[in-house]
Amino acid sequence: MVDGTNFTRKLQVVIVIDQKVQKNLRVREMALKDVQNVADTLNVNLTQIDFDRLDFGEANALDTFYNADVALVDVTVQQQQPSLCYHI
């Protein structure tokens, strides 16, 4: 609160989840849907970042990831774990 005025901003949440690797894809899709439902219920801004964009170092993906208030990171794809752990 500043000078009697409420300044509120929505919580910024990002989720990094792979939707290309076929192994356990259905489970990841279900998890993403549940996270989207919770974000809608809580009225927070949820942004999905593709692993490939983050791994490549795409500026917009990196900015979104590092400026988020909360980051949810799927580490179930073993080949992606080293890169994801670096960013975490």
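The values are calculated or read from the model by the stated rules, or taken from the named source; none is laboratory data. Bear in mind that the values here come from a model prediction, so they are computed numbers and not experimental data. Reconstructed Cβ throughout: ideal geometry from the backbone, glycine too, with neighbour counts over all protein chains shown.
Brief remarks follow.
- The criterion of at least 3 residues that are free of Cβ contacts under 8 Å to residues at least 12 places away in the same chain is met, among helices (runs of 4 or more DSSP H) falling completely within the chain, by 25-42, 59-67, 81-87.
- Leading residue by the ranking (modelled with the lowest pLDDT) among those in the range 48-88 that are over 11 Å from the mean Cα position of the chain (by Cα) and of a type in the set (Phe, Trp, Tyr): Tyr86
- Here Val14 meets the list (1) farther than 15 Å from Ile88 by Cα; (2) surrounded by 13 or more Cβ atoms within 10 Å (Cβ to Cβ); (3) at pLDDT 95 or above almost entirely, failing just condition (1).
- Which listed residue, of Asn37, Asn24, is out of contact with any Leu (no Cβ under 8 Å at 6 or more places or on another chain), loosely packed, with under 15 Cβ neighbours inside 10 Å and on the phi > 0 side of the Ramachandran plot: Asn24
- The set of residues from the range 59-79 being surrounded by 12 or more Cβ atoms within 10 Å (Cβ to Cβ), farther than 15 Å from Gln48 by Cβ and of a type in the set (S, T, N, Q) comprises just one member, Thr76.
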